[in-house]
Amino acid sequence: MESAVNGQIPDLVKSFETARQDINDQVYKFYARYAKNNQISLADAQKALSLSELREFKGSLKEFTQLAKDSIGTFNLTVDNLSVKSRITRLEALQTQCDAILQRLYQQQDKQIKGTASDIYTSEYYHQLFDIENYTGFQFEFSKIADSAVQSVIKQPVYGMDISEHLWRQDIDTGFKIRSTLNNMFVTGKPPQAFAADLQKAIGAVRVDKSGVTGTGKKYEAYRLLYNESAHAVNQAQIQAYKDDGIDQYEIIAALDRRTCAECSDMDGKHFPTDKAVEGVNHPSFHVNCRCTTGAYIPDLADLTDTRAARDDNGNTISVKNQTYDEWAKERGV
């Protein structure tokens with residue numbers, strides 16, 4: 001799963017960088033049109049658009065209206081208010097243009113995350129069926145997984161919200177920060193370069209190395225949502241495969257490295273009835289960025305596995321003897 005998710009990071013970063021540049025362009029154009037000595041007062045920003053400016057803005061409003069109709073959030077009230085107002089200020093026009101860019105960004109994120117999670121679910125489901133048959137030596141009859149079943153899993157809330165709700169909250173938060181930054185700039189007389197710097201900080205960065213994925217800002221929030229939704233898809237695909245193949249029990253598998261938390265290390269090696277699986281209680285994911293997964297547990301075959309994967313202090317994958325996390329940690333003084 002991690003390789004599939006990390007493979008999406010370049011597109012994720014590109015979409016944010018495109019949005020950041022587009023928003024910066026709108027702000028710089030705003031300054032080029034209205035600034036005096038590279039400054040715009042709040043009073044000047046709040047002046048009504050001229051007739052020619054209003055006609056130009058109405059063209060932008062049409063695009064925003066369409067984006068809002070397809071929106072992950074609920075912006076119809078904003079669109080309606082702008083459409084019927086006889087006076088629209090320069091600042092409102094700029095904010096709406098920024099909102100349209102954010103709408104486009106988060107709709108791209110919505111499509112990317114749902115598509116990735118859907119692909120991962122399907123791949124993991126068949127992978128588990130294949131592994132179980134190789135492990136048991138039995139051949140099971142199964143049919144192609146229904147797309148409706150996949151979509152049902154993708155729509156399930158993860159940590160209290162579904163994908164669209166998570167993205168809607170991020171969109172609202174980003175929009176609020178942009179509005180606050182613009183208002184502060186006009187009050188204090190800061191140039192557009194200050195906005196560009198603040199926006200760059202808010203967008204943040206994502207870094208990938210052997211120790212995992214780290215980062216800051218909205219890029220990392222988007223990655224974290226992509227990871228958590230994909231982990232949810234993997235774990236739901238596994239439990240469905242166990243049920244379809246008649247596997248009565250599953251076993252929790254935590255990552256054998258120093259990054260594993262106490263909650264996950266304590267769950268490692270425990271097994272539970274397949275029909276009693278509850279996400280976050282006795283079935284992963286247990287928390288945000290959880291790396292736990294599961295395996296089919298068959299008592300008669302449980303002792304046949306001699307090794308399992310672990311990571312050394314440099315982040316390299318190695319093979320160790322089959323043992324629980326506590327046993328592995330005790331040997332290494334973790």
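Listed residues PHE16, PHE30; which is surrounded by 12 or more Cβ atoms within 10 Å (Cβ to Cβ) and either more than 19 Å from ASN183 (Cα to Cα) or not assigned by TED's automatic domain parsing to the domain that holds VAL208 (or both)?
PHE16
At pLDDT below 85 and buried (at least 18 other Cβ atoms within 10 Å of the Cβ): is that true of SER71 in this structure?
Values: at pLDDT below 85: yes; buried (at least 18 other Cβ atoms within 10 Å of the Cβ): yes.
The answer is yes for SER71.
How many residues does region 155-188 contain that are over 16 Å from GLN46 (Cβ atoms), touching a residue at least 60 places away in the same chain (Cβ under 8 Å) and of a type in the set (Lys, Arg)?
Number satisfying all stated conditions: 0.
Write out, first by first residue and then by second, each pair whose Cβ atoms fall under 7 Å of each other, whose residues are 6+ apart or on separate chains, and whose first residue, in region 320-331, is within 9 Å of ASP268 (Cα to Cα) while the second is outside any helix (DSSP H, G or I) and hydrophobic (A, V, I, L, M, F, W, C).
Pairs that qualify, where the first residue is within 9 Å of ASP268 (Cα to Cα) and the partner is outside any helix (DSSP H, G or I) and hydrophobic (A, V, I, L, M, F, W, C), are TYR325/ALA254; TYR325/LEU256.
Identify, by number, the condition in (1) in contact (Cβ under 8 Å) with a residue 12 or more places away in the chain; (2) within 30 Å of GLN97 (Cα to Cα); (3) assigned to a helix (DSSP H, G or I) that ASN235 doesn't meet.
Tallying (1) in contact (Cβ under 8 Å) with a residue 12 or more places away in the chain; (2) within 30 Å of GLN97 (Cα to Cα); (3) assigned to a helix (DSSP H, G or I), ASN235 fails exactly one: (2).
Condition check ((1) charged (D, E, K, R); (2) under 30 Å from ASP110 (Cβ atoms); (3) over 13 Å from the mean Cα position of the chain (by Cα)) across all residues:
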position	(1), (2), (3)
GLY212	no, yes, yes
LYS218	yes, yes, no
ASP245	yes, no, yes
ASP268	yes, no, yes
THR274	no, no, yes
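Could you pull out the residue among GLY212, GLY217, GLY269 that is in contact (Cβ under 8 Å) with a residue 40 or more places away in the chain and in the same structural domain as GLY7 (by TED's automatic domain parsing)?
Details: GLY217 fails: in contact (Cβ under 8 Å) with a residue 40 or more places away in the chain; GLY269 fails: in the same structural domain as GLY7 (by TED's automatic domain parsing).
None of the other options fit; the residue is GLY212.
Please work out if GLY246 is surrounded by fewer than 17 Cβ atoms within 10 Å (Cβ to Cβ), among the small types (Gly, Ala, Ser), farther than 13 Å from CYS292 by Cα and touching a residue at least 12 places away in the same chain (Cβ under 8 Å).
For GLY246, the condition - surrounded by fewer than 17 Cβ atoms within 10 Å (Cβ to Cβ), among the small types (Gly, Ala, Ser), farther than 13 Å from CYS292 by Cα and touching a residue at least 12 places away in the same chain (Cβ under 8 Å) - is met.
Let me confirm something: among ALA277, ALA254, ALA233, ALA237, which residue is more than 29 Å from LEU12 (Cα to Cα), among the small types (Gly, Ala, Ser) and outside the structural domain of ILE132 (by TED's automatic domain parsing)?
After ruling out the rest, the residue left standing is ALA277.
The values are calculated or read from the model by the stated rules, or taken from the named source; none is laboratory data. Quantities reported herein were computed from a predicted structural model and do not represent experimental measurements. Positions of Cβ are generated from backbone atoms using ideal geometry, with glycine treated the same way; all protein chains shown enter the neighbour counts.
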